[in-house]
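The structure appears right after this line, and notes come after that.
The values are calculated or read from the model by the stated rules, or taken from the named source; none is laboratory data. Note that this is a predicted model, so its numbers are computed, not measured. Please note: Cβ atoms are built from the backbone with ideal geometry, for glycine as well, and neighbour counts cover all protein chains shown. Remember, those area values only see protein heavy atoms, side chains included, never the ligands or the DNA or RNA. Shrake-Rupley method; radii C 1.70, N 1.55, O 1.52, S 1.80 Å.
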Amino acid sequence: CSGFPLSVFFIIINEFCERFSYYGMRAVLVLYFKYFLHWDDNLSTAIYHTFVALCYLTPILGAIIADSWLGKFKTIVYLSIVYTIGQAVLSVGSINDLTDHNWDGSPDNVSLHIALSMIGLILIAFGTGGIKPCVSAFGGDQFEPDQEEQRSLFFSLFYVTINSGSFISTVVTPNLRAQECGIHTKQRCYPLAFGVPAVLMAVSLVVFIIGSRMYKKVKPQGNVMLQVSKCIGFAIKNRFRHRSKEFPKREHWLDWASEKYDKQLIAQTKMVLKVLFLYIPLPMFWALFDQQGSRWTLQATAMNGDFGISIQPDQMQVVNPILIIIMVPVIDYLVYPLIKKCKINFTPLKKMTVGMFFASMAFVAAALVQVQIDKTYPVFPAAGQSQIRLMNLGITPATVQFQPQLKSVDVAPNEATGYMTFETSKLQSLHIITESLNKTQSLELLEGKRYTLAFERLITTLDSSLMLDNVTSKPDEGQNLIRFINNYHLPVNVTMDDMAFGVLPPLSVSNYSNVPGGKLPYSIKASVLNSCTVVSKKFGFGGAYTISIDDCTNYKLNVTYFEDIAPNTVHMAWQIPQYFLLTCGEVMFSVTGLEFSYSQAPSNMKSVLQAGWLLTVAVGNIIVLIVAGASKLSKQWAEYVLFAALLLVVCIIFAIMASFYTYVDPNEIEAKFSEEEKEEDKKDQDDNEKQAEADSRM
């Protein structure tokens with residue numbers, strides 16, 4: 001098809017479905033840990049990065065299996081089966097009704113859900129990691145040696161396919177997660193968010209198998225990583241055996257392998273080790289980069305996602321692939337040429353150093369955003385303290401005196417004060433004074449609790465009600481908490497869309513109910529003698545509200561809104577600068593790093609460097625889980641600053657290491673060995689001819 005083997009189209013479709021499956025599942029994973037399994041932020045982050053680390057460790061195993069035993073085709077098929085099973089197990093483990101026997105909306109056996117989730121993730125890690133080094137190489141195998149142009153275009157299409165699958169799934173699966181589903185109780189729809197990627201992975205496997213007869217299948221030819229490992233191992237062992245001073249030193253410790261391995265393999269291994277030595281500081285970059293899916297997603301849950309349409313916290317990860325598409329051509333065709341015109345020698349290692357600096361600054365930006373978010377968090381009472389606020393539901397102003405002689409507060413009509421903190425043991429009562437009426441309200445408060453005292457002046461009396469505000473934290477997932485208070489002289493039956501809040505006697509309050517954030521206004525209905533309705537205001541994200549039912553005029557309900565907890569006021573758009581800095585860092589670090597590695601590696605050793613590169617990603621994720629597990633920092637912004645500082649230090653170390661590196665041309669070295677080999681062969685041939693001539697004379 002247009003010079004392409006038909007088989008490669010099956011491979012491209014397979015890759016799109018697999019990348020959709022992986023990135024779609026990964027996008028919602030940290031929120032699944034936090035909100036379904038109810039793990040705290042640190043544990044959720046640690047397990048997330050353990051999974052990602054495993055995904056980048058297993059490619060080495062997959063490459064060895066494919067090159068040494070099964071071949072690429074069978075390795076892809078067998079590990080894709082494992083992958084599909086893992087996705088299915090994870091999806092089943094996320095079904096709330098699986099163990100919710102009492103229909104209360106919470107799993108009765110969380111351990112079973114955790115076990116299924118962990119089994120699923122381990123299988124996925126082995127599947128996605130194992131096939132990672134095989135699929136692109138298998139696609140390259142489909143072309144003839146004289147089809148270099150088509151092969152190059154295939155790899156471009158392959159890269160576009162990866163980013164397309166990642167982009168679309170990161171948009172789609174968070175929306176699937178945000179839906180509500182369930183048999184007995186409605187929950188966030190994690191089974192659908194994991195189930196769709198599982199179906200896509202099954203489609204990926206089926207499509208790949210359908211093209212089986214069209215594929216060119218290269219037999220396993222041995223894995224060069226094993227050869228390099230054996231060469232290094234023999235050199236170390238041989239050096240240790242000859243550590244006595246009576247044995248002369250050799251120019252390089254790898255030269256101790258010359259007794260068993262040829263000079264060309266040893267020289268190529270030296271070149272590879274030079275590059276791998278530079279890889280030592282690189283994991284720190286990935287430690288920051290991969291927190292897009294963990295810490296940054298958790299940060300977005302405390303932000304305002306109203307962009308005209310509601311954006312889910314896990315959808316903010318899509319900013320990275322969008323910026324990649326924009327920034328790669330901008331940096332390659334605008335920034336680098338401008339730097340070259342300024343006659344600055346911007347070598348690949350210098351580009352990588354600048355990329356690390358940009359990533360460090362991205363976390364400084366994240367810390368600044370986090371400081372602003374922290375300012376919006378409510379302050380709850382500490383041990384030995386209680387909080388109380390005053391809500392005047394009447395039409396006349398009032399003064400409230402806290403006894404014994406603690407303070408006096410004026411409250412305007414239809415207004416509420418903020419929460420005031422008192423030592424529980426000292427606050428005994430309060431005295432409410434209006435124009436002509438007053439009342440003393442005794443208080444029996446519990447430590448660490450919040451209360452609202454609602455009052456209103458009637459014709460001849462002053463009525464009041466003390467309510468426990470049983471909210472101990474800001475609402476999760478950007479949801480809102482809504483409750484109603486009846487400020488009408490008759491009992492009312494309150495509903496909001498399909499949510500029933502029950503019949504409320506005068507000056508009584510309903511329980512809080514969860515309401516999704518950022519959705520369109522709701523219809524509030526109160527039934528008294530007649531049914532009265534009103535369209536609510538549009539609630540933001542992460543707020544708590546008390547809505548007062550005041551009266552009904554011409555079937556229109558009059559209500560007053562009181563803000564119990566302020567909604568998220570820091571907009572998600574403020575995350576874009578940190579994504580921009582990190583993406584600039586990625587383009588300069590990752591793209592340049594791979595290009596540098598391949599330019600400095602012998603032609604038959606590129607897979608060794610690919611394995612080393614993937615290993616740096618794995619180690620970077622291990623660094624995150626160690627810091628997340630061991631960190632004693634109470635503030636998230638401080639952890640961001642810590643990571644930024646660590647990468648900045650590593651950046652300086654890498655710059656020093658890079659200054660001592662000497663660039664080489666592997667092709668020249670290989671050509672030199674090839675010439676020497678030809679000369680030796682020619683010499684051997686001449687010797688054989690002379691020997692044959694001498695034999696004939698005899």
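Within segment 410-421, work out how many residues are open to solvent by 20 Å² or more (accessible area, probe 1.4 Å) and closer than 21 Å to Asp469 by Cα.
Residues that pass the stated criteria total 8.
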Quiz item: Scanning for something more than 24 Å from Ile64 (Cα to Cα), touching a strand residue (DSSP E or B) at 6+ places or on another chain (Cβ under 8 Å) and open to solvent by less than 60 Å² (accessible area, probe 1.4 Å), does segment 191-212 turn up at least one residue?
Solution: yes
Practice problem: Identify the residue in segment 91-124 that is closer than 21 Å to Phe51 by Cα and among the polar types (S, T, N, Q) and, among all such residues, is surrounded by the most Cβ atoms within 10 Å (Cβ to Cβ). | Solution: Ser94
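Residue-wise test of (1) at pLDDT 85 or above; (2) under 29 Å from the mean Cα position of the chain (by Cα); (3) of a type outside the set (Lys, Arg).
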{"position": "Arg151", "(1), (2), (3)": "no, no, no"}
{"position": "Asn163", "(1), (2), (3)": "no, yes, yes"}
{"position": "Ser169", "(1), (2), (3)": "yes, yes, yes"}
{"position": "Pro174", "(1), (2), (3)": "yes, yes, yes"}
{"position": "Tyr190", "(1), (2), (3)": "yes, yes, yes"}
{"position": "Ile209", "(1), (2), (3)": "yes, no, yes"}
{"position": "Gly222", "(1), (2), (3)": "no, no, yes"}
{"position": "Gln227", "(1), (2), (3)": "no, no, yes"}
Practice problem: Determine whether Leu633 is open to solvent by 10 Å² or more (accessible area, probe 1.4 Å) and in contact with a helix residue (DSSP H, G or I) (Cβ under 6 Å, 6 or more places away or on another chain). | Solution: yes
Quiz item: Applying the selection to segment 427-450, what residues are of a type outside the set (A, V, I, L, M) and over 15 Å from Leu406 (Cβ atoms)?
Solution: Thr434, Glu435, Ser436, Asn438, Lys439, Glu444, Glu447, Gly448, Lys449, Arg450
Self-check item: Failed criterion for Ile373 (all others in (1) assigned to a strand (DSSP E or B); (2) surrounded by 14 or more Cβ atoms within 10 Å (Cβ to Cβ) hold)
Solution: (1)
Quiz item: How many residues, within segment 61-90, are of a type in the set (S, T, N, Q) and either open to solvent by 30 Å² or more (accessible area, probe 1.4 Å) or free of Cβ contacts under 8 Å to residues at least 24 places away in the same chain (or both)?
Solution: 1
Quiz item: When residues of segment 165-187 are filtered for being touching a Leu at 6+ places or on another chain (Cβ under 8 Å), within 19 Å of Ile309 (Cα to Cα), open to solvent by 30 Å² or more (accessible area, probe 1.4 Å) and not polar (S, T, N, Q), how many remain?
Solution: 1
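Grab the helices (runs of 4 or more DSSP H) fully contained in segment 256-344, keeping just those with 3 or more residues being in contact (Cβ under 8 Å) with a residue 40 or more places away in the chain, surrounded by fewer than 24 Cβ atoms within 10 Å (Cβ to Cβ) and touching a Ser or Thr at 6+ places or on another chain (Cβ under 9 Å).
Result: 263-278, 319-330.
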Quiz item: Only one of these conditions is not met by Gly620: (1) open to solvent by 70 Å² or more (accessible area, probe 1.4 Å); (2) under 17 Å from Asp290 (Cα atoms). Which number is it?
Solution: (1)
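Conditions (1) surrounded by fewer than 16 Cβ atoms within 10 Å (Cβ to Cβ); (2) at positive phi; (3) assigned to a strand (DSSP E or B), marked per residue:
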{"position": "Asn493", "(1), (2), (3)": "yes, no, yes"}
{"position": "Leu507", "(1), (2), (3)": "no, yes, no"}
{"position": "Phe541", "(1), (2), (3)": "no, no, no"}
{"position": "Cys552", "(1), (2), (3)": "no, no, yes"}
{"position": "Asp564", "(1), (2), (3)": "no, no, yes"}
{"position": "Leu581", "(1), (2), (3)": "no, no, no"}
Exercise. Select from segment 437-491 the residues that are among the β-branched types (Val, Ile, Thr) and free of Cβ contacts under 8 Å to residues at least 60 places away in the same chain and write down the one among them that is surrounded by the fewest Cβ atoms within 10 Å (Cβ to Cβ).
Key: Ile459
